[in-house]
Number of protein chains: 2
Amino acid sequence: MDAIKHIPTIPLFQGLTPEHHAHVASIVVEKVYRRNQVIFSEGDEGNGFYVVISGRVKVFKLSPDGKEQILHILGAGEPFGEVPVFAGERFPAHAEALEETRVIFFPRASFADLIKKNPSLAMNMLAVLSRRLRRFSALIEDLSLKEVPGRLSAYLLYLSDKKNRETSLTLDISKAQLASLLGTIPETISRILTRMSAEELIESDGHRNIKILDRPGLEELASGERKLL
Amino acid sequence: MDAIKHIPTIPLFQGLTPEHHAHVASIVVEKVYRRNQVIFSEGDEGNGFYVVISGRVKVFKLSPDGKEQILHILGAGEPFGEVPVFAGERFPAHAEALEETRVIFFPRASFADLIKKNPSLAMNMLAVLSRRLRRFSALIEDLSLKEVPGRLSAYLLYLSDKKNRETSLTLDISKAQLASLLGTIPETISRILTRMSAEELIESDGHRNIKILDRPGLEELASGERKLL
DNA sequence: GATATTCATTGACTTATGTCAAAAGCGCGT
DNA sequence: ACGCGCTTTTGACATAAGTCAATGAATATC
């Protein structure tokens, strides 16, 4: 259907002419996934990539015994699944819709053509991949060099920053998802939130609402200068 | 100096015309770093990126208390430090020479020009970044979903595969570096190698030589189906 | 509106791995 | 060959976080 109205709003296509937008629109395919539906699995052949139009998607790794590590959660306008387009081979991770999600799909071959004729599209895609590398570096750092309280603090501060430093936060994902994003398990998240409350760093209603009481304290935790009792 | 003789051998520049190679050569600067010399630090402004000509470079994150996590180790022909070129901002990690190392440096602005006129250079760079994303995904998976014996097994198998499944391996890095690459500490590496020897999976001379005795056993360890006693 | 189902919390326990310290092996230069 | 440093190994110990299990709260289902 009328993908054309979405194309110009996608950051990846900023700076392209209306003709190119129309061309892009002509090669894409729209798809809808319902909550928990698999979009692709690790090891699948990647014959193109996706951009989220509405809804949210998680991209994750799975261990043989079922533990998952979320690599990222994507929302409207964000592309995913590009690695096989440029590096060949297969998807390095799984992707699943977190809720009812609309995406547009770009077949590999036609996109490769397009990018060859469009330096600014190439530059945009390079920027997308570079930003993702930066985020992955941060995730690796977190997993390897920080303990869970530090990662959780960093995540709360990140949420707060997204809402220009609002102190009242609403988690946009369940505790289980949050645990998987931070490389831990829900029980650990629970215990740490309890300890953070005990130290008056935050106030939690036990659901998805958290109020930041001591931002500097959380920053110290996130950087590792401070530890929880 | 005569960078021109190196340019055509670099995978990033495969598929370019000799004229383009010459052009690339005209904008690069050669630099030499001695063992342990810092190439750039996290947070530095990135005004260009590098390609290793000879020697080896480690790119790593550092925690406030000095623990390091190596993101990757690069050898001849491999580029590093590209993220700020395309995503702006600063280097997300530190880079240091592991030994006497020669690199060529590409100033950001002239490279950006070049890439706009060279679709195949853009495609090559997209491939480089995509492959790196795949490796980072694997590292995240390892750190989050595997225990150290699994990561170490995977690394030994990787070394073996590089030498077409040779069973006699020579570690190319010290145990301390290996630990930092696998997200652990030298003591843990030592203990695990001892346990692997005890189970006759490997034979180690205590230095940098390891012989693989039971490849399937290591594969089971790497995938998590098996555990060390 | 009552019950089923999922999700969050809490407790007791286990375990992998980090910390600290000491000893042992090896390389190196005088 | 000898002692000085560095890396590796080994030991005793500490601890963060995972596992398992039970309870409680919240939401959905009939």
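The values are calculated or read from the model by the stated rules, or taken from the named source; none is laboratory data. Since the structure is predicted, the reported quantities are computational estimates derived from the model, not experimental observations. Don't worry about glycine lacking a Cβ; one is built from the backbone with ideal geometry, like all the others, and counts go over all protein chains shown. Keep in mind that these areas ignore ligands, DNA and RNA; they rest on the heavy atoms of the full protein, side chains included. Shrake-Rupley method; radii C 1.70, N 1.55, O 1.52, S 1.80 Å.
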Scanning region B:200-212 for residues that are out of contact with any strand residue (DSSP E or B) (no Cβ under 6 Å at 6 or more places or on another chain) and open to solvent by 40 Å² or more (accessible area, probe 1.4 Å), the one farthest from DNA strand D (Cβ to nearest atom) turns out to be B:GLU200
Across region B:65-78, the tally of residues that are surrounded by 21 or more Cβ atoms within 10 Å (Cβ to Cβ) and either part of a loop (DSSP other than H, G, I, E, B) or of a type in the set (S, T, N, Q) (or both) stands at 1
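Across region B:102-112, what is the number of residues that are facing chain A (nearest Cβ under 9 Å) and open to solvent by less than 10 Å² (accessible area, probe 1.4 Å)?
Pass one, region B:102-112, residues facing chain A (nearest Cβ under 9 Å): B:112.
If we keep only those that are open to solvent by less than 10 Å² (accessible area, probe 1.4 Å) as well, we get none.
Number of matching residues: 0.
Just give me the residues in region B:113-149 being more than 16 Å from DNA strand D (Cβ to nearest atom) and either within 19 Å of B:THR188 (Cα to Cα) or open to solvent by 30 Å² or more (accessible area, probe 1.4 Å) (or both), in sequence order. Lay out the reasoning, then the answer.
At the first step, the residues of region B:113-149 found to be more than 16 Å from DNA strand D (Cβ to nearest atom) are B:113-139.
Once the filter is applied, which keeps residues that are more than 16 Å from DNA strand D (Cβ to nearest atom) and either within 19 Å of B:THR188 (Cα to Cα) or open to solvent by 30 Å² or more (accessible area, probe 1.4 Å) (or both), region B:113-149 yields B:ASP113, B:LYS116, B:LYS117, B:PRO119, B:SER120, B:MET123, B:ASN124, B:ARG131, B:ARG134, B:ARG135, B:ALA138, B:LEU139.
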Taking region B:150-188 and keeping only residues that are away from every other protein chain (no Cβ under 14 Å), open to solvent by 20 Å² or more (accessible area, probe 1.4 Å) and within 15 Å of DNA strand C (Cβ to nearest atom), one is left with B:TYR155, B:THR170, B:SER174, B:LYS175, B:ALA176, B:GLN177, B:PRO186, B:GLU187
So, first residue open to solvent by 60 Å² or more (accessible area, probe 1.4 Å) in region A:1-28, second residue not in a loop (DSSP other than H, G, I, E, B), Cβ within less than 6 Å, six or more apart or across chains; the pairs are A:MET1/A:GLU30; A:ILE4/A:ALA25; A:GLY15/A:SER120
